[in-house]
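Chemist: Below is one structure. I have some questions about it.
Bear in mind these aren't lab numbers, they're just calculated from the coordinates by the rules spelled out. As the structure is a prediction and not an experimental result, all values here were calculated from the model. Ideal geometry is used to build each Cβ from the backbone, glycine not excepted, and the neighbour counts take in all protein chains shown.
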Amino acid sequence: MISAPGAAFIAAAGMLAGIVGTAGGITSLISYPALLAAGVPALPANVANIVALVACWPGSALASRPELQGRGAWLRRWTWVTAAGGAIGAVLLLSTPPGAFSRVVPFLVAAGSLALLLQPRLSALRKGDGHANTPFLLGGLLSVSAYNGYFGAGSGVMTLSLLLHTVEEHIATANALKNMLIGATSAISAVILMIFGPVEWTSVVPLGIGMFAGSMIGPRLARRLSPRLLRWLVALLGLGLAARLWVTPA
């Protein structure tokens, strides 16, 4: 049971995590350690974090309406892929030993961060239209969404990098699409975890409230930052998370 001060601390951390995550950064870099600091054990903290992330979906959708205009058909096509990946990840979380992928994750996060930094140069060299990227996008979204449903720290950076390379070169728009895809992943993962796994609701509720509030701010912040600055900030956060996960595996 979380005390009232603990719940207030988690809510504040959730708001900051929601701002950072929906602006392009890494939500779990803030929210997961906050849950641990409040006394929530590792597995329940991971589950609570995944379930609470659903609250970012409606908030970021409302805040990203300019970037999402005209993208409904694309999102209806690809959210099914990320939802399927999230379901796979949630099943893996419930059925595999803790830390099964702990040594692989830092390399994935680092690779996504470096690809984010190199995206403008690689995009300039790339030829052909977006249809040539469809198989790569399909496999990438399915894989990253499965990881997101399993643990998720750094999945936003990886998804953003994937979208910038295959779908949308404007980082604020790619970030808005990323938020919608991550939302679908989190929603299906949360449903499975609520049915089959232990959910610490005294942690989920304050974290979710904070994340919803923060998600109303994050996309607006991403819209105002210069693309170059936003790209560097997100990439540096990702590299920092990769280093941390290597030293202290998830």
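Chemist: So for segment 4-247, taking the charge dipole from beta-carbon charges (+1 Lys/Arg, -1 Asp/Glu), which of Ala172, Pro206, Pro58 sits furthest toward the positive end?
Modeler: The one lying farthest along the dipole's positive direction is Ala172.
Chemist: Starting at the first residue of segment 229-239, write each ³J(HN,Hα) from the Karplus equation 6.51 cos²θ - 1.76 cosθ + 1.60 with θ = phi - 60°, in whole Hz, x for Gly and Pro.
Modeler: 5, 4, 4, 5, 4, 5, 5, 5, 4, x, 5
Chemist: So, by mean Cβ neighbours within 10 angstrom, what's the order for 20-28, 193-201, 143-151 with the highest one leading?
Modeler: The peptides rank, most packed first, as 20-28, 143-151, 193-201.
Chemist: Computed from these coordinates, which is mean projected area of the Cα convex hull in nm²: (i) 13.7; (ii) 12.0; (iii) 16.4?
Modeler: The value matching this structure is (ii).
Chemist: Provide the per-residue ³J(HN,Hα) series for segment 54-70, in order, calculated from phi with Karplus coefficients 6.51, -1.76, 1.60 and θ = phi - 60°, each as a whole number of Hz, with x at glycine and proline positions.
Modeler: Each residue's phi maps through the Karplus curve to give 4, 5, 6, 5, x, x, 5, 5, 5, 7, 10, 4, x, 6, 8, 4, x Hz.
Chemist: Oh, and also: What's the angle, to the nearest 10 degrees (0 to 90), between helix 171-196's Cα axis and the longest principal axis of the chain?
Modeler: Helix 171-196 sits at roughly 40 degrees to that axis.
Chemist: Also, quick follow-up: Rounded to the nearest 20 Debye, what is the dipole magnitude of the chain about its Cα centre when Lys and Arg each give +1 and Asp and Glu each give -1 at the C-beta? Working shown, then result.
Modeler: Details: 15 positive and 5 negative charges, 124 e Å.
Charge dipole, the chain, about its Cα centre: 600 debye, nearest 20.
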